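A.B. asks: First the structure, which I've put down as structure tokens, then a few questions once you've had a look.
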Amino acid sequence: MEQPNPLPYTDAKPVGAADFYFAINATFRFVLEKFGTEGLREYWTALGKNYFSPVSQLWKTGGLNAVADYWKAFFAAEPGAEVEVLSTKNSITLDVKTCPAIKHLRDNQREIVPCFCQHCYFVSEAMAQSAGLTVRVEGGNGTCRQIFSRREPNIPPQDFSRIKKATC
């Protein structure tokens, strides 16, 4: 039986265009300036819930294995990414050694929105929620750890002090 594509959208090129990171950084800055922190968080949540709904559906049917498959394929297509995806029975951990977005923005001397790294939590949490999963993020500013697990009532909420501000 053919496995579904872990990236449920089509793109003919094997690796994405790094200049896309300029666009998302500028978009985040625009939304932040126009609508404030809560507006930006709502934007990220809507991205995770709506745009990434095909991914959420794959996670819902495939569980943590589908989460691992998605992130492996995702980061394989991200220029400059150095990420290890670690699987256990109860979680998937992304050990981001080099964040491709932060690296590209720094390499090109772009001013990075300080809360840039929070988008990983808000987008991923919205993706995970409909699949019965959750994520916690720690680190940031170029290296981080993201842990996906089944949603359980004893898991404390995300501590945003554990997500570093991004700097140039």
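A.B. asks: Being touching a strand residue (DSSP E or B) at 6+ places or on another chain (Cβ under 7 Å) and more than 24 Å from Pro157 (Cβ to Cβ) is the filter here; which residues of the stretch 86-102 pass it?
C.D. replies: Lys97, Thr98
A.B. asks: Scan Ala12, Ala17, Ala76, Ala46 and give me the residue that is surrounded by fewer than 15 Cβ atoms within 10 Å (Cβ to Cβ), of a type in the set (Gly, Ala, Ser), under 26 Å from Leu133 (Cβ atoms) and modelled with pLDDT under 95.
C.D. replies: So the residue among Ala12, Ala17, Ala76, Ala46 that is surrounded by fewer than 15 Cβ atoms within 10 Å (Cβ to Cβ), of a type in the set (Gly, Ala, Ser), under 26 Å from Leu133 (Cβ atoms) and modelled with pLDDT under 95 is Ala76.
A.B. asks: Criterion first (crowded, with 20+ Cβ neighbours inside 10 Å and in a loop (DSSP other than H, G, I, E, B)) does Ala166 satisfy it?
C.D. replies: yes
Okay, residues lined up against (1) buried (at least 20 other Cβ atoms within 10 Å of the Cβ); (2) at pLDDT below 95; (3) of a type in the set (Val, Ile, Thr); (4) over 15 Å from the mean Cα position of the chain (by Cα):
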{"residue": "Gln129", "(1), (2), (3), (4)": "no, no, no, no"}
{"residue": "Gly132", "(1), (2), (3), (4)": "no, no, no, yes"}
{"residue": "Glu138", "(1), (2), (3), (4)": "no, no, no, no"}
{"residue": "Cys144", "(1), (2), (3), (4)": "yes, no, no, no"}
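A.B. asks: Something else about it: For the stretch 156-163, state whether one or more residues are touching a Cys at 6+ places or on another chain (Cβ under 6 Å), small (Gly, Ala, Ser) and over 17 Å from Lys60 (Cα atoms).
C.D. replies: Checked the stretch 156-163: no residue is touching a Cys at 6+ places or on another chain (Cβ under 6 Å), small (Gly, Ala, Ser) and over 17 Å from Lys60 (Cα atoms).
A.B. asks: Has the stretch 100-107 got any residue that is farther than 23 Å from Thr27 by Cα and either modelled with pLDDT of 95 or more or not small (Gly, Ala, Ser) (or both)?
C.D. replies: The first filter runs over the stretch 100-107 and keeps only residues farther than 23 Å from Thr27 by Cα, leaving none.
For the stretch 100-107, residues farther than 23 Å from Thr27 by Cα and either modelled with pLDDT of 95 or more or not small (Gly, Ala, Ser) (or both): absent.
A.B. asks: If Tyr70 satisfies every condition in (1) closer than 16 Å to Cys120 by Cα; (2) free of Cβ contacts under 8 Å to residues at least 24 places away in the same chain; (3) among the aromatic types (Phe, Trp, Tyr) but one, which is the exception?
C.D. replies: Just one mismatch for Tyr70, condition (2).
A.B. asks: Would you confirm, using the coordinates I've provided, whether Val96 is among the β-branched types (Val, Ile, Thr), modelled with pLDDT of 95 or more, part of a strand (DSSP E or B) and within 13 Å of the chain's Cα centre (by Cα)?
C.D. replies: yes
A.B. asks: From the residues in the stretch 133-145 that are outside any loop (DSSP other than H, G, I, E, B) and out of contact with any helix residue (DSSP H, G or I) (no Cβ under 6 Å at 6 or more places or on another chain), which one is nearest to Gln57 (Cα to Cα)?
C.D. replies: Leu133
A.B. asks: Same structure again: Report, by residue number, each residue of the stretch 20-43 that is basic (Lys, Arg) and either surrounded by 13 or more Cβ atoms within 10 Å (Cβ to Cβ) or under 16 Å from the mean Cα position of the chain (by Cα) (or both).
C.D. replies: Within the stretch 20-43, Arg29, Arg41 meet the criteria.
A.B. asks: So, one more: Kindly provide the set of residues from the stretch 103-132 that are assigned to a helix (DSSP H, G or I), closer than 20 Å to Phe20 by Cα and either among the small types (Gly, Ala, Ser) or touching a strand residue (DSSP E or B) at 6+ places or on another chain (Cβ under 8 Å) (or both), ordered by number. Before you say what the answer is, go through the steps one by one.
C.D. replies: Step one: of the stretch 103-132, the residues assigned to a helix (DSSP H, G or I) are 103-107, 118-129.
This time we only want the ones that are closer than 20 Å to Phe20 by Cα, so: 103-107, 118-124.
Matches in the stretch 103-132: Gln118, Cys120, Tyr121, Ser124.
The values are calculated or read from the model by the stated rules, or taken from the named source; none is laboratory data. Worth saying up front: this structure is predicted, and the values here are computed from it rather than measured. Positions of Cβ are backbone-derived with ideal geometry, glycine not excepted, and every protein chain shown enters the neighbour counts.
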